Every structure is written in C-alpha cells, then in structure tokens.
Amino acid sequence: MPMSTWTKETKTTLLYIVLAFAFSVAMRMVWLYQFSGYEPFYHNAQFMINTNDGYYFAEGARDILNGVHQENDLSALESAASQLTAFFAYILPFSFETVILFMPSVLSSLIVIPIILIAKNIDSLEMGFVAALLASITHSYYNRTMIGYYDTDMLNIVLPMFLLWSIIWAVRTNEDKYLLITALDILVYRWWYPQSYSLEFAFFGLILFYALVFDRKNLYNYKLLAIMMFAMVGLDGYVRAILVLGVFYIFKQKQFDRYIYYVLALSVALFFLSGGFDPIWSQLKNYVFKDAVSAGEKGLKLHFYSVMQTVREAGHISFETFANRISGHTVTFVLSVAGYIYLAYKHKVMLFGLPLIGLGFLAYVGGLRFTIYAVPVLAFGVAFLITQTAQFMPTSRLKFLAPLLLTILAIYPNIVHIQNYKVPTVFNADEVKILEQLKGKADREDYVVAWWDYGYPLRFYSDVKTLIDGGKHSGDVNFPVSFILTNPQDVAAKMARLDVEYTEKTFAFVKENKERVRDKNLTIFSNVEQMTKEYGFSDTNDFLLSLQTEIELPQKTRDIYFYLPIRMMDIYPTVEMFSNIDLMSGEMKKRSFFYMTKSFKQEGNSINLGQGVVFDLQAAMLSIGTQKVAVKRFVQTAYDKNMKLTKSMQMANPAGEVSIVYMSNYNTFLVLDEKAYNSLYIQLAVLEEYDKMLFEEVVLTPQAKVYRLKI
Ligand code: MN
C-alpha cells in the first residue's frame, strides 16, 4: 500500500521498531569499539568470535559453502545455524568472519519486533517501545547474543517471541492468517532449534487450557491447536510444512468446519504415531535417571566419569544474579514481576507469556542459561508500570519526561554491564596461526588429539577430525583422551592409535547397522570396552596395564596429531579426572599432585609458592602445610631469542616425591608428583621432552605445541 494511506499507528509502530532495533545493534558495538585495534583478537583482518560452540556452526557453514566435507567429521551441515550462515555468507558482500561476527547482533535485535507488535495488540505501543529497549540489552540476553556470540541463541528467544505474538493475535482476532503464521513459526523455530518442542508444548497446553475453560464453543481455538500439532509431529520439516498448508486450506473452507474435531484428533494421533512424544519422554528419563557415574547397559558395565559432575556446580545461582540476569537489577526485577502481574490482570492475553517466564525461572534449578527466556516477557512488566505513570502526571510535559527518566533508570544498569563485559575471543591470533600451520600439514582425514574445549576451533581452523568436542564429551569418549594426556608417552601413544582407529571403526559399524541402531536393537559399546574385549580381556584394568607391554596395534589408517596448548595447564586436574577412575568399579583413584601458581616470592633460601606451599632451595624440600616432602628434581625452562625452549634440570633427591618446574617465561611454578610429571602433557607441552620413536614435532611455540604420532 502507498505510504500516504499508512495510519498514524502503523507509522509509529515502524518508527519504534527501527529506533529500538538501531539501539539494540548499537549497544552491541560497544565491545567492538573497546577492542578495536587489539591484534590478538583479530584474524583475517576481522575480530574472531567469542563463543566456543560457534566454531561448530562455522565449520558446518564453511563445508556447505565449499561443497565438501569428510565422512564422520561431525561437521554441522544439517544445522540451521550453519545453513543460514552459509546463505548469508554467499549473498552478502562481506567476509565469512564478518558474517559470523555480526549475525548475532543483527538477528538477536529482531526481538524488538515481536515485543512492539505484542504491545500494539493491547494498544500500548509506548510500553512495547520501552520493553524493547530494555529486553534487547538486558544482561543475560546481551551476554548470549552480543557481537561474536555466534550461537543458536541469536534466534532462540526471537522465534518464541514471534510465536507468542502470533498466538496472542490469533486468540484476540481469530483471524485465519494467524493460524498459518503460528504454524510456520513453529516450523522455523523447530528447524532452528530442535529442542524447541518443550516451549511449543507449553504454549499448546496453555491454549488448550484457555480453550477448554474460557472459550469452549469457539471452533477457531481447535483449529489453532490442530495446526500447531501438525507443525509439531515427529516428521521431516518439509512433510510438516505440507501438512500445515493442507490443513490451513481445509480450515479456510467453511463447509469443513464440522470436521474440525476429527482433524484435531487426527493431529494428536499422528503426533504419537510419528514419535513426536519421544524427545519429551527421553528428556524426562534423563532428568529422572541422571547420575554422575553412568553404567553401560550390557557388557562390562563400565563406569565412566560424567561431565555433569564438573558442570553441575555452576548450576546454583544466587537471587541477585538471577534477578540481574533477567532484568538488569534486583529492583527492576521485583518491579517487573509486580508489573507483569498487574499487566496480566488488565490484559489476560499476556498470560500466554507464562511458558517463557517459567522456562526462565528454571534457571534456579537448571542453570544460568535459562534466564534469557524470561527477559522479554518480564520486560513488559516494568515497561507497563513505567508507561502507566504517565497517566498520573499533571502536565503533558511530565507525561513525557517521567516515563523517559524511568526508562533510562531501568536501562542504565544494563549499559554499565555491557561496558564492563569485556569477554575475550575464544582463541588469540597466535594460536590461530598455529592451527593454520597445522592445516597446511595435516590431511582432512587426520585426527587431532586435544581436550574437548579445542575440538570445534581445531576443526574450523585446521579442518581435521577430532575425538571430542563441545558436543561430544561424555565420560566414555573423554576417557581415552584424558588417558592419553595424563599418562606416560608410550601408553599414551598406543591409546591414541587405538582410540582413533576404534572411533572410525565404530562409525563404520554404526553405518552398516543403521536400522538396528535406530531401533535400539544394538548396543554400541565404548571404544575402551571394545578394545578390552578384542584384546582378550574381561577386565579393563588388565587391558590398560597391557598397554605397557608390546601389543599389536590396529592397522594405521591416517595420521594423528596432538594439540597441546599451554593454557590447558589450568584445567589439567579436571582433564585427569576423566581417566582417573577405575572403570570396573567406578571408584575414583587418588588424584595426582598438581599445583600451579603464578604468585610466588623468594624469602631467603625459600620460595613461597602460596597456599602454604614453600620450596626450600637449600634442603631441596617442599613443605605443604605441615607436611614435608623431598624434591626429586628442579627444572627451569626458558625461551631463547629464537623462541626455542631451553631447560636446565637439577636432580636433587632420587627418592623425592615431587618435581618442581619453573617456567620462567610464563612466570609459573609447577609442583608435580611423578604421575603428573611423566604425563604426555607435561613432557611434551611443558618440557618438549618427547620420545623420538613415538612423536615428531610439528609446531612448537610458547602458546602451544603440536606433535605428530609416528606409530
Ligand atoms: Mn572436515
């Protein structure tokens, strides 16, 4: 329609959307501005991303654009985020790095559209504008959608907010078009984020409740429920799209109205028959049976250390953190909750936002990441209170100024947060250089052994295969990698060859038995269990001991590299946990002694290493609290001007229990027992003391060391 026929309301709506969108994007440029010119954060003349998982989608997008990928490389070709990225990178005149850097800022800022449109429905555009300004930059929403936070979060709240908008408009107007928009939104949301079913379900349940209790005779509600259900059945996205369009066509014809209940019944039946309920069921099972140490179903019933154990502690949050993340400030949060209750009392449709609030409040039990769901709906709460104050103002000037001032007050803590939130990029420029060198040497079919934190970035920058990554890091796959990194070189080398070959073998086996695996007729045993059995053992401990002897290794099918960054030192004790367990009994073994410090000071003939650890240089003794242990060796490392590692070693007491390593260029002291000292990681990454029969150096820099396995 021509511009002149636009109503004043449409113009205002558009103006508010454009302003709020620009505000949201602009606030996300603060990080860019703060770090502009800071070389370690740049690669290919662009900032790198600041979320690890982003490299998963980046790898997928790269492979889509190149049109090639390797079998079993775990590349995310099927993920929506990768597909959308590849599309943008293809049509836009920007570099790939620029696209993935800016995508979160731009897409997440779209949240202002449903927020303002929802408010329009209850004739309070101003409330929508205030809510949009606030929600778009509130702590947790900002943290997970800031520039460079390249992850599915960039649309994870936008899409359910559009869903909420279309549901509200559907219920309010009963217009046919909202049936279609609601269903299409579900299709897109599910494509983008397959775990979206829980929210879709909550919305479905709420509408069902509303229909049965308040509006039982209205056929439109059942049309809405049926078309939503067809969008949610457990079939391929294209099939669901066709179903939705077909059902929409039927619903448009008045003469079919008497069959609506049958259509609804059919959709529910199809939902159960197509396995639509399965993800919910397995989710429930996960919550009910989640256990720290998980036992296998059949076979040896090995006990692996679960990643849940290391993550779980992060789950508990204080009320203040919770409130800050949802509203930016405790006061704003309390006002938001009160305001939302008042708003819902005045406008019942706003109750449809409850599933999002509910999911956000799950943060109390499920961890921080859930808070973002509650952000936009609760923002309506405080925005409603703010715009209501205008009514009590005596003059038109105050009617404008009071809400303005209150809005600034509500937004302010979030702006302060943004200014202080200086997260680093995942990798720094020097590390990426190493990975690119590795890319030049390694074949795409080769494996790189590294802790899971480096899995996705390794695959993106080096285009290699990895054993574990940000998504594949359960106890059974972490075990061999942990074992390799924290055990002596000879057994580590054998385990590396074994684990890589068994990994590929298992991929092939699963592919050959696709149907049986899908129908759960076949248990896929962990690599370690397969090795144990195939080497003729019934006890995994015996098999692991046998690695110290001459065993016949599987046929070598490809090269194996080791990526050992110095920064892994911080997590060494955690890495060790995963293999420091008796797999047969599930009992944790005694942890090796590993103490690292950057704060120390010389006191006479001793060096105080902090935490009650004192190194007596003269006596070559170490006191740990009241305990005294003899020092076996003292090693000092340094880089010469060619960046080559030099080291000096003094044997102190051959019977000593701990070794002390002073890494002078890193300003770091290490105190290690024999197990830690002899581990592959310490020997190769810290001391470059590698067995020339087993390893070959590839890239050695102060940031990281890369070796190639020779067996
Ligand atoms: Mn690849």
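The values are calculated or read from the model by the stated rules, or taken from the named source; none is laboratory data. From a predicted model like this one, the values you see are computed outputs, not experimental measurements. No Cβ is skipped: glycine too gets one built from the backbone with ideal geometry, and neighbour counts run over all protein chains shown. Heavy atoms of the whole protein, side chains included, go into the accessibility calculation; ligands, DNA and RNA do not. Shrake-Rupley method; radii C 1.70, N 1.55, O 1.52, S 1.80 Å.
Tell me whether the range 451-474 contains one or more residues that are over 24 Å from Phe57 (Cα atoms) and hydrophobic (A, V, I, L, M, F, W, C). Don't jump to the end; show me each part of the working.
Step one: list which residues in the range 451-474 are over 24 Å from Phe57 (Cα atoms), which gives none.
Looking through the range 451-474, none of the residues is over 24 Å from Phe57 (Cα atoms) and hydrophobic (A, V, I, L, M, F, W, C).
Filter the helices (runs of 4 or more DSSP H) completely within the range 346-452 down to those with at least 3 residues that are among the basic types (Lys, Arg).
On the way: elements: 354-361, 363-366, 375-389, 396-420, 429-441.
Helices (runs of 4 or more DSSP H) meeting the threshold: 429-441.
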Exercise. Would it be correct to say that Leu77 is open to solvent by 20 Å² or more (accessible area, probe 1.4 Å), more than 16 Å from the ligand (Cβ to nearest atom) and without any contact (Cβ under 8 Å) to a residue 60 or more places away in the chain?
Worked result: no
Exercise. Within the range 453-474, which residues are surrounded by fewer than 22 Cβ atoms within 10 Å (Cβ to Cβ) and touching an Asp or Glu at 6+ places or on another chain (Cβ under 7 Å)?
Worked result: Gly470
Exercise. For the range 54-74, what are the residues that are modelled with pLDDT under 95 and either open to solvent by less than 20 Å² (accessible area, probe 1.4 Å) or more than 16 Å from the ligand (Cβ to nearest atom) (or both)?
Worked result: Asp73
Exercise. Is one or more of the residues making up the range 124-138 of a type in the set (Asp, Glu), under 30 Å from Ala383 (Cβ atoms) and away from the ligand (no atom under 16 Å from the Cβ)?
Worked result: yes
Exercise. Quick one: Gly656 ticks every box in (1) surrounded by fewer than 14 Cβ atoms within 10 Å (Cβ to Cβ); (2) more than 30 Å from Leu467 (Cα to Cα) bar one, so which box is it?
Worked result: (1)
Problem set entry | Selected residue (criterion: farthest from the ligand (Cβ to nearest atom)) from residues of the range 453-475 that are part of a loop (DSSP other than H, G, I, E, B) and not charged (D, E, K, R) | Ser474
For this session: Inspect the range 476-489 for any residue being away from the ligand (no atom under 16 Å from the Cβ), assigned by TED's automatic domain parsing to the domain that holds Asp559, open to solvent by 40 Å² or more (accessible area, probe 1.4 Å) and part of a loop (DSSP other than H, G, I, E, B) and give the result as yes or no.
Result: yes
Seminar exercise, completed: All-but-one check, Glu696 against (1) open to solvent by 60 Å² or more (accessible area, probe 1.4 Å); (2) closer than 21 Å to Ala630 by Cβ; (3) part of a strand (DSSP E or B), failing number (2)
Exercise. Any residue at all in the range 543-560 that is in contact with a strand residue (DSSP E or B) (Cβ under 9 Å, 6 or more places away or on another chain), closer than 27 Å to Val686 by Cβ and without any contact (Cβ under 8 Å) to a residue 60 or more places away in the chain?
Worked result: no
Exercise. Is one or more of the residues making up the range 674-692 over 30 Å from Leu553 (Cβ atoms) and open to solvent by 10 Å² or more (accessible area, probe 1.4 Å)?
Worked result: no
Exercise. Mind checking whether some residue in the range 470-493 is more than 18 Å from Ile566 (Cα to Cα) and among the hydroxyl-bearing types (Ser, Thr, Tyr)?
Worked result: yes
Exercise. Within the set of pairs 6 or more residues apart or between chains, which connect a residue that is among the acidic types (Asp, Glu) inside the range 444-459 to a residue that is within 12 Å of the ligand (Cβ to nearest atom) with Cβ atoms less than 7 Å apart?
Worked result: Glu445/Gln70; Glu445/Lys465; Asp446/Val464; Asp446/Lys465
For this session: Please state which one of Thr549, Thr532, Thr503 is more than 16 Å from the ligand (Cβ to nearest atom), surrounded by 13 or more Cβ atoms within 10 Å (Cβ to Cβ) and β-branched (Val, Ile, Thr).
Result: Thr532
Seminar exercise, completed: Subset of the range 513-542, residues of a type in the set (Gly, Ala, Ser) and free of Cβ contacts under 8 Å to residues at least 60 places away in the same chain, comes to Gly536
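Can you pull out every residue in the range 506-536 that is part of a loop (DSSP other than H, G, I, E, B) and farther than 20 Å from Pro488 by Cβ? Let's see the steps before the verdict.
Pass one, the range 506-536, residues part of a loop (DSSP other than H, G, I, E, B): 513, 519-526, 535-536.
Asn513, Asp519, Lys520, Asn521, Leu522, Thr523, Ile524, Phe525, Ser526, Gly536, listed by residue number.
Sort through Glu445, Glu436 and tell me the only one that's of a type outside the set (A, V, I, L, M), surrounded by fewer than 21 Cβ atoms within 10 Å (Cβ to Cβ) and within 12 Å of the ligand (Cβ to nearest atom). Before you say what the answer is, go through the steps one by one.
On the way: Glu436 fails: within 12 Å of the ligand (Cβ to nearest atom).
Answer to the check: Glu445.
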